[in-house]
Amino acid sequence: MPELPEVETIRQYLNDVLPGLQVRQVLHLDSRMVKNGRLSSEEIARRLPGHMVKSLKRRGKFLFLEWDTKDHLLLHLGMSGRLIWVPENVPWVVHTHMVLDFGGHHLRLIDPRRFGRIGWMASGEDLVPHLGIEPLSHDLTAPRLIQRLAGRTAPIKSLLLNQGIVAGLGNIYVDEALFRAKIRPDRPGGSLTETDAKRLTRAIRAVLKQAIEHRGTSFSDYVDALGHPGQNQDYLRVYGRNQGPCSVCGEVIVTQVIQGRTAHYCEHCQR
Ligand SMILES: [Zn+2]
């Protein structure tokens, strides 16, 4: 699933090419993908032509195309979504759910599992008010994290996945951050000390920044806006490394299913 670094990699590329370009026509917008906001797919398709992209923003795993009208098109890539920028003559593949024609090039959303979403957000509207702290902003501090985890008995792995405490983390980067912070994934969130929280905030930032530098992690579906896989899978320390040696102590990396999600960790290093 694309997590924050993958979405950010796509955002950075598209933010170099899209601003200043105008939508000629909306060639396709699957109504089943429009799950957020008040406008239907037909209304969105009617509004977009003639409008120019101002910038691309990101919040957690959500992408926003900001238009000259200050309205935003919200995009979420779900489990298997790809957002690609291609010359118009590239044939459409199956599961293409959105095609915006910018004259010569298309912005296409391809999503085989259809867990992604599209929505229209009017200027000033907030369709993602439930999202937690933005991890690469100054808002992620140990005291704030401790405050949000206080009294929580759920495992820290699950709390970090739920987007309402910290936004943008999925299975891969939660496992990697907990490993670097030396925290067991099944620890109750409320049991984290201030020292744990300091290590965890530093670890979250470090794993996300490293992954963005390597243009995201490609295990199965993820590709960037040009269709290229990322390289960060070569730098992961625990995720997908089960039965392999821990890079710190040499013990075997184990897995445990925690509230339906598999956690990868080192029993020796993480407490
Ligand atoms: Zn270890």
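The values are calculated or read from the model by the stated rules, or taken from the named source; none is laboratory data. The structure presented is a predicted model; accordingly, all values stated were derived computationally and were not measured. Cβ coordinates were reconstructed from backbone atoms using ideal geometry, including for glycine residues, and neighbour counts include every protein chain displayed.
For this structure, a couple of remarks:
- Among (1) touching a residue at least 24 places away in the same chain (Cβ under 8 Å); (2) of a type in the set (K, R); (3) farther than 28 Å from D221 by Cα, the one test that R199 misses: (1)
- Search result, residues across the stretch 245-271 that are of a type in the set (A, V, I, L, M, F, W, C) and either in contact with a Lys or Arg (Cβ under 6 Å, 6 or more places away or on another chain) or within 12 Å of the ligand (Cβ to nearest atom) (or both): C246, V248, C249, V252, I253, V254, I258, A263, C266, C269
- Some residue of the stretch 204-216 being without any contact (Cβ under 8 Å) to a residue 60 or more places away in the chain, in the same structural domain as G170 (by TED's automatic domain parsing), outside any loop (DSSP other than H, G, I, E, B) and closer than 30 Å to H105 by Cβ: yes
- So V223, is it at negative phi and within 16 Å of the ligand (Cβ to nearest atom): no
- Count of residues meeting criterion [surrounded by fewer than 20 Cβ atoms within 10 Å (Cβ to Cβ) and within 22 Å of G116 (Cα to Cα)] in the stretch 12-24: 3
- Selected residue (criterion: nearest to the ligand (Cβ to nearest atom)) from residues of the stretch 230-241 that are free of Cβ contacts under 8 Å to residues at least 24 places away in the same chain and surrounded by 14 or more Cβ atoms within 10 Å (Cβ to Cβ): R241
- Within the stretch 127-143, the set of residues being under 13 Å from N36 (Cβ atoms) and either surrounded by fewer than 17 Cβ atoms within 10 Å (Cβ to Cβ) or touching a Ser or Thr at 6+ places or on another chain (Cβ under 6 Å) (or both) comprises P129, H130.
- Verdict on G151 being on the phi > 0 side of the Ramachandran plot and either aromatic (F, W, Y) or modelled with pLDDT of 95 or more (or both): yes
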